Each structure stands twice: as structure tokens, then as C-alpha cells.
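Enquirer: Provided herewith is a single structure, encoded as C-alpha cells, for subsequent inquiry.
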Amino acid sequence: MKRAGLEAILADMTISEKVGQLLQLAPMFYKGTLTEGEITGPMAEMGITQEVSERAGSVLGSATAAEMMAIQEEYLKTSRLGIPLIFMADVVHGYKTIFPIPLAIGATWDVALAERMADISAREATAAGLQVTFSPMVDLVRDPRWGRVMESTGEDSYLNSEMAASFVRGYQGDATKLAENHEKIAACVKHFAAYGAAEAGREYNTVDMSMRELYQHYLPAYEAAIQAGSKLVMTAFNVVDGVPATGNEWLMRDVLRKEMRFDGVLISDWGAVKEIVNHGTAGNAAEAAEQSLRASVDIEMMTTCYLENLEALIADGTVAVGLLDEAVMRILELKNDMGLFEDPYRGLKTNPERQKVILSAEHRAAAREIAADSMVLLKNEHAVLPLATEKRVALVGPLAKTQDVLGAWSWLGDTRDAVSVEDGMFAQFDTVDVAGAASTEHITEAEIAEMVRVAQNADVIVLALGEASNRSGEANSIATIRLPEAQYSMIDALHKIGKPVVTVLFNGRPLDLHGLLEKSDALLEAWFPGTEAGNAVADILSGKVNPNGKLPMSFPYTTGQIPVYYNHLSTGRPADAADAQEHYVSHYLDIPNQPLFDFGFGLSYTTFDYRHLTLSSDTISINQPLNISVTVKNTGNIAGKETVMLYIQDLVGKVSRPRKELKRFEKIMLAPNESQTVTFQITEEDLRYYKPNLDFSSDPGDFKITIGTHLEAKFCLV
Ligand code: BGC
């Protein structure tokens, strides 16, 4: 439909119909629904009548094509103007074929894989009738107490930005072709803004940071998703500079819409409009509605402040009808861009065959490959890994047999489709004896005794442990980032046997690994790998795949070290620059300053040698970019992938600058003895940063480059 057509619809709409478009409801409020939908927030007393559901403009969390078609068909029967509903849900790391959690996708450092994951998610989700996914979540995270770190790609704004753009490209493809391309889904980047900085890692908590920090580190990944064409943005639950994001006119109008030039649909998070009252910046629901509309929030998710108040606010002149029209127009445009006026079922009525792609062999194969590439080898003493498949393996621990390996935010995935570690190991190893445990939180003496018995007969112990999937994700903050306590006596009992222990760790967040690390000969961080978990674990343990993931988030030494992240500022008294005996430096008495495992860390079964760091010049200027080359050689005897990372430090700035900042990375594959020269181009723009007055510019002067563990060079911006 042409813009004039949408304008004609808008002109024809009553105020009540317009307000209806702004409401998003769960599918349970519709006739013909089969499921309850996805519930992630309070639902109480919404007072939704049939008349209201017939006016609402969008649906949250429908699950199948049949459900979507039933709701849409019924809805259109009563829709005076024939404006279709639009169906949205959280497809965060896959629809039915579940991929590793986003934090693990970050650990692949492979933007092509991220794009493939999003492309497959889009194919499956659209075949199931969804039109918008509430993904990517690109909140920068530095606090693993927060359960939602599993949904982010980590602690670095550059890695997050690259991943954000890849997710969006994979979901949407060419955003101007969504009307025809029914296998693509609209993306919704979230949570705008800075939700990852919830104080003390406690869910829904306050956020407070300087404007410079917000612009420098927290905003870039949202902006990258918007530049990649994300059709929607979701507001955050938190305050930004004291004002709830959802009613924050400065944040949404000035930053999001003007500075970032976002002109798509802005949706509140679940109940976030009403929660402005709880934040204490609106006295009642009417004020919350007014603030949100002024802030340009177009859709109110799952509360009814707009529905109950906008008509009156417009009638008494508090709110101009133009503000409402603006919001409705953006929603109509989104529906039109998705081709819903032409085909409200996006091809599903005419081509039910499309559903066959769901959980196809091809999708499962991609999930397996991505899962294996996301695993991070943290320790491998005496090259205990890879394991010869003839070895007699004792597979023990609470994650040995379970199919609870999908991770949080996989509500449409089915654990029954998931490959357990046990099944993955059976498929590749000759002899595997298994002793599991029914829970990650309570492990009985009898279960431990059986594990010990099985382990005594084995050549090697594979210990599968960690968190249950519902220990991370939304509303799952923990105060101490350790394993559930019950697992430590199990670890001790197995360690005492004296056989090599290979630990496979499942978790949605960085953990303090003391008590496990020193008792494991090898430690593989498996995250939550998704549907193909067991196969991917076996691929790594057998050496079929050489581990190549690298941490996208630091693993703190202990909870009290949080926040610890790689790109922190120098202090006035840095401990590392001082005499080791010096007391009055920035340090702890009881732990080191360094995290247990750094951002970017990850071992391989082979070794890589970095040589010949070469700069095209020792200066850079606005007109003359700089090429930085390094030669990487596989010096071991198996093929492997390596992520080459380029870090830069601005030695003198107008504000204190990070000790190093990731500026480029590239993942390469090298056969034994093969070398490759990787060249990164840096421009003056890459050296810009936010000054005290928020001016974004660079300063002439010296910069330091670091590549690999030991190569360094300097150049000068002139
Ligand atoms: C979460 C969002 C999610 C929404 C809809 C909220 O509770 O914060 O990330 O998209 O629910 O399920």
C-alpha cells in the first residue's frame, strides 16, 4: 500500500480505534487460541473484554501458525477498517531449533554464524506465524550476577555492535523487502537503554551512569542495530539519568529518534508504561500514559494506561491528537512494510509446507556447528583433551543425562528435541558409563556414590555440571556467582579418585570457578548450547571440532571483584605499574586485580604464532587511514580457527581512556603449518571518543596497538 493509502486509513479512524492500535495483548485474550502464550510479567486484573481485544493492534507471544491464523482470521471479521494484527514474540536464540544462548553466540566471535543463526530463526519463526522478534538484546553487561547476561553478547561495545548488526541482517535481510520476503522477520532491538547496568546485578534495578559512559559504551550497540535497519526498538525497565526510560522524552525523542535517526516502532517492555508510577515519576496511570506518548512510545505491552486514558487526555487537551496520530502511523507503516495489508498471513495460508523447515536436519546441523564453535576451552592440562574415542569414559554429574540444555529464552523450544550429553557421547565414544543426578541444586549421597563407582572403572571422568537453565535469564539474579553448593562435595569426591577429570560446564553467566578449576584437568565452558548440545560437546571432546570460542565477558576471580571488565580506565595508582611491595595502590588485599579469565580468552588444541606486526605508516590522519597487518601461523599439528583481535589504547586523552579497546577482529581457519596475514584498516573515526562536553572527536597524539599476547606497536594521529 502507498503512504496515501495509510493516510486515508488514519483519517478514517476514530480516536478509540487509534488508541486500540497502541495496545499489545497476549494471545489468551483472543478466541481460537490454543496456547497461553509467553508470560514474562504481571498479568493481574487487566480487565480485557472482547471489545478491547477486537481493538488491540498486536499480539505478544503466539506460538504456532495455526494459532496466528485463527486469531487473525477471527479478528479481521470485526475489524471495520481491515487493519490486521501483527504478531510478535521473543525468538532470542532460535524458534524450535535452539541455538546456543546469545552470550555463547558472542563467544563465537563469528558474525557470519550469528547471521546464520538469525536467518534460520527467522525462517522457523515466520513459518510459525510470527512477524516480529524481540531480539537482538544488545545490552552491554559487566555484572554476571544479573541473570540476563545470557541474553547479551557480552561486555564490549564493539563486539556487541558487530553482533547486533549481524542478528538484524540475519532476521530481516533487506529490510525494504519484508513485504515480499515472507521468510524474514522484523527485528526489535532492546532494551533501550543501558538495561545491562542494573545496579548490583539485581533484576529491574536502578541504573546510574555518566552521560559520557552511556554514549561511549552503552549506546553504540543499539545504534548499530538501528543502522542495520532494525524495524523496532524496545524500551528498558530502568531509569536513565533518573527518568524511567519508557517515559524519557530526552532519551527517546532526542537520542533515539533525532541522534540515531530511528523512525520505526518503539514498543514498551512488558508493563513498563505502568511501572513509571512505581518509579515515582508519574502519579497515576494517566500521567504514565502521557509521559510515554510524549516520549514517542508507540505500543504499550501488556498494560492498559494508553487504552484507559488517552481518549480523555486528548479530549481535555492535555495531549495533542497529533502525538497519537504519529504513533498510529508508525504502527500502520510497520504493518504495511511487512506486507500485512496485502496478505495478513504472510504466505502461510497458501503455503503450509513452509512449516517443514522447522527443526529440519539442515537447521539442526547449523545449530551443532554453531554450538561447537561457541564453546570455550578454559583449561587443558597435559593435553588431556581431545579424548581418544576408544577411552573408557565415565560421564557423571547433574548435566550428564538431562535434556535441559536449551537455556533460558527458548520458550518455543522443546527439551525433548534436545540431545543430552549422554546421547552425544554414546554416538562418538566406544564405552561410556553414565551416572547422573536428578537436580543441580540437591545431589544425594547415593548419586555421588554411584558416580564414584562408575568413575573408578574409567580411563577418564567427564564431569557435566553447572546451572539449571532456569538459574539465568529474566528475574534470575544471584548474589554469589558460584555453582549451586551441592555440587562441590561431588567435585571433591570425583577429584579424589585420581583419574583425569574433564569438566563440561553449563551456565548462563560467568561463574567464580574456584573449587572446580583446580580440581579439573580440563575445563570446557559449554554455556547452554541448545538443541544439539550433546553432539556439539562430543564434537569438542573427541577433537572432531577444535575448540575456538573466546570469552565475550570476563570471568571474575570472585563475586566481590564485580564489576571487572577488560576495558577499564587506568587509575591514579595502578597496581601493575607500581612496585609489587607498594601498599597504597589500587588493589585488594585478598585477591588479584585480574579476573580469573579475561575477556577474549580461549584455548585451542593447536597453537598459533603471531609475527610481523606491520603498520603501513607510523602516522594516521583524517585523510590517511592506517593498515595494520599481522601474520598468524598454526604451529601445531591440527587445523584450527583463531580469532585475531586488534586492541588500541589512546595514550593521552581529554578524559581518562580505557587501558585497551577492541577495534577490530577476524576469525580465520588455518591448517597445520599454514600462515595467513590479516590486515585491519583503522581510520581517524575509530579513534574518536566522547569528551567531557560529549563532543565526539579524536585528539592528535600517540596510540598503542596490541595484537595477540605480545605484539605491540605505536602510531601517531596527526
Ligand atoms: C522482557 C523483554 C521481553 C518481553 C516480552 C519482558 O519481561 O524484559 O525482553 O521481550 O518481556 O516477553
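The values are calculated or read from the model by the stated rules, or taken from the named source; none is laboratory data. If you're wondering where the values come from, they're calculated on a predicted model, not measured in any experiment. Positions of Cβ are generated from backbone atoms using ideal geometry, with glycine treated the same way; all protein chains shown enter the neighbour counts. Please note that ligands, DNA and RNA were not included when accessible areas were found on the heavy atoms of the full protein model with its side chains. Shrake-Rupley method; radii C 1.70, N 1.55, O 1.52, S 1.80 Å.
Enquirer: What spacing in nm lies between the two simple spin-label points modelled at Glu51 and Thr631, each 7 Å away from Cα in the Cβ direction?
Expert: In this crude spin-label approximation the distance works out to 7.9 nm.
Enquirer: Then there is this: Within a Cβ distance under 14 Å of Glu666, other residues only, what is the Lys/Arg minus Asp/Glu net charge?
Expert: Values: positive: Lys550, Lys641, Lys663, Arg664, Lys667; negative: Asp110, Glu162, Glu642.
Residues near Glu666 contribute +2 overall.
Enquirer: For Ile638 and Asp316, what is the calculated FRET efficiency with R₀ set at 56 Å and r taken between the beta-carbons, to the nearest 0.05? Mind showing how you got there, number by number?
Expert: Details: r = 74 Å, r/R0 = 1.31.
Efficiency, rounded to the nearest 0.05: 0.15.
Enquirer: Which whole-Hz ³J(HN,Hα) couplings does region 353-359 yield from phi under the Karplus relation 6.51 cos²θ - 1.76 cosθ + 1.60, θ = phi - 60°, glycine and proline marked x?
Expert: Values, residue by residue: 4, 3, 5, 5, 5, 5, 6 Hz.
Enquirer: Report, to the nearest whole %, how much of the accessible area of the chain belongs to carbon and sulfur atoms, 1.4 Å probe, protein only.
Expert: Values: 12650 of 25800 Å².
Reported share for carbon and sulfur atoms: 49 percent.
Enquirer: Which residue, chosen from Ala538, Ala486, Ala446, occupies the Cα position most advanced towards the positive end of the dipole of the chain, where the dipole is computed from +1 (Lys, Arg) and -1 (Asp, Glu) charges on Cβ about the Cα centre?
Expert: Ala538
Enquirer: Explain nothing, just compute: Karplus ³J(HN,Hα) = 6.51 cos²θ - 1.76 cosθ + 1.60, θ = phi - 60°, for every residue of region 362-368 in order, whole Hz, x for Gly and Pro.
Expert: 5, 5, 5, 5, 5, 4, 5
Enquirer: Could you give me the ³J(HN,Hα) list for region 701-718, computed from phi with Karplus coefficients 6.51, -1.76, 1.60 and θ = phi - 60°, whole Hz, x at Gly and Pro?
Expert: Running phi through 6.51 cos²θ - 1.76 cosθ + 1.60 with θ = phi - 60° gives x, 8, 10, 10, 9, 10, 9, x, 8, 9, 7, 9, 7, 10, 9, 10, 8, 10 Hz.
Enquirer: Could you tell me what a quarter of the Cα convex hull surface of region 606-717 works out to, in nm² with one decimal place?
Expert: Numbers: hull surface 27.2 nm².
Averaged projected area of region 606-717's Cα convex hull equals 6.8 nm².
Enquirer: Given Cβ point charges of +1 (Lys, Arg) and -1 (Asp, Glu) and nothing else, what value in debye, to the nearest 20, does the dipole of the chain about its Cα centre take?
Expert: Computed about the Cα centre, the dipole is about 1020 debye.
Enquirer: Let me ask you something else. Which entries in Lys401/Lys544; Lys77/Lys356; Lys258/Lys550; Lys641/Lys714; Lys633/Lys663; Lys18/Lys349 show an alpha-carbon gap greater than 31 Å? Don't jump to the answer; show the numbers that get you there.
Expert: Working: Lys401/Lys544 22 Å; Lys77/Lys356 29 Å; Lys258/Lys550 36 Å; Lys641/Lys714 28 Å; Lys633/Lys663 22 Å; Lys18/Lys349 28 Å.
Over 31 Å apart, Cα to Cα: Lys258/Lys550.
Enquirer: Non-local amide H neighbours of Thr235 (under 5 Å, H modeled in plane, Pro and chain starts lacking H): which ones?
Expert: Long-range HN contacts for Thr235: Phe192, Ile267, Ser268, Asp269.
Enquirer: Also: Tell me, what is the per residue accessible area of the chain in Å², probe radius 1.4 Å?
Expert: Working: 25800 Å² over 718 residues.
Per residue, the chain has 36 Å² of solvent-accessible surface.
Enquirer: Roughly what % of Cα-Cα distances in the chain sit above 52 Å, to the whole percent? Don't skip to the answer; put the middle values down first.
Expert: Numbers: 31769 of 257403 pairs.
Beyond 52 Å sits 12 percent of the P(r) for the chain.
Enquirer: Also, quick follow-up: Return a whole-number percent for the relative contact order of the chain, with Cα pairs under 8 Å and 6 or more residues apart as the contact set.
Expert: Working: 1744 pairs, mean separation 94.7, N = 718.
Result for the chain is 13 percent.
Enquirer: Related question: Give me the one-decimal nm value for the distance between modelled label points at Thr14 and Gln676, 7 Å along each residue's Cα-to-Cβ direction.
Expert: Placing both labels 7 Å along Cα→Cβ, they lie 6.3 nm apart.
Enquirer: Could I ask something else about it? Report, in deg cm²/dmol and to the nearest 500, the calculated mean residue ellipticity at 222 nm for the chain, where each DSSP H run with n ≥ 4 adds -39500 (n - 2.57) and the sum is divided by the residue count. Please list the in-between numbers first.
Expert: Details: 17 runs with 181 residues, N = 718.
Value at 222 nm, helices only: -7500 deg cm²/dmol.
Enquirer: Students often check this: by mean Cβ neighbours within 10 Å, which of 312-318, 614-620 ranks highest, and how do the rest follow?
Expert: Details: 312-318: 13.1, 614-620: 15.4.
Ranked by mean Cβ neighbours within 10 Å, highest first: 614-620, 312-318.
Enquirer: So, in Å, what gap is there between the alpha-carbon centers of region 293-309 and region 77-117?
Expert: A separation of 24 Å, based on Cα centres.
Enquirer: Return the FRET efficiency for the residue pair Glu450, Ala388: r is the Cβ-Cβ distance, R0 is 22 Å, and the value is rounded to the nearest 0.05. Please list the in-between numbers first.
Expert: On the way: r = 25 Å, r/R0 = 1.15.
Approximately 0.30, to the nearest 0.05.
Enquirer: While we're here: Between Gly600 and residues 5 or more places away or on another chain, which pairs have amide H atoms under 5 Å apart, with H built 1.01 Å from N, and which residues are they?
Expert: The answer is Leu551, Met553.
Enquirer: Stokes-Einstein diffusion coefficient for region 360-542 at 4 °C in a medium of 1.567 mPa s, Rh from the Kirkwood formula over Cα pairs: what value in µm²/s?
Expert: Values: Rh = 16.1 Å.
Rounded, D is 80 µm²/s.
Enquirer: Between Thr415 and Asp174, with labels modelled 7 Å along Cα→Cβ, what's the label distance in nm to one decimal, could you check?
Expert: 4.4 nm
Enquirer: Grab the Cα-Cα distance for Asp609 and Glu7, subtract it from 0.36 nm times how many residues apart they are, and report the gain in nm with one decimal. Could you put the intermediate results ahead of the total?
Expert: Details: separation 602, 0.36 × 602 = 216.72 nm, distance 6.21 nm.
Full-extension gain reported as 210.5 nm.
Enquirer: Let me ask something additional. Between Met28 and Glu353, take the C-beta separation as r, use R0 = 22 Å, and let me know the FRET efficiency to the nearest 0.05.
Expert: Details: r = 29 Å, r/R0 = 1.31.
My answer for the efficiency is 0.15.
Enquirer: Distance between the C-alpha centers of region 394-441 and region 56-76? Whole Å please.
Expert: What the calculation gives is 35 Å, centre to centre.
Enquirer: Ok, one more. Amide H of Thr619 versus every other amide H placed in the peptide plane: which residues, excluding those fewer than 5 positions away on the same chain, fall under 5 Å?
Expert: Amide H to amide H, under 5 Å and 5 or more residues apart or across chains, Thr619 pairs with Cys716.
Enquirer: Would you please put 673-681, 343-351 in order of how densely packed they are, using the mean number of other Cβ atoms within 10 angstrom per residue and starting with the highest? Can you show the working numbers first?
Expert: Values: 673-681: 13.9, 343-351: 17.9.
Result, highest mean first: 343-351, 673-681.
Enquirer: Sticking with this structure for a sec: Can you tell me the length gained on complete extension of the stretch Glu213 to Ala475, counting 0.36 nm per residue apart and subtracting the Cα distance? Before the final figure, lay out each step's value.
Expert: Numbers: separation 262, 0.36 × 262 = 94.32 nm, distance 2.53 nm.
Contour length minus Cα-Cα distance gives 91.8 nm.
Enquirer: Once each part is reduced to its C-alpha centroid, what is the distance from region 449-513 to region 599-653 in angstrom?
Expert: Going from one Cα centre to the other spans 35 Å.
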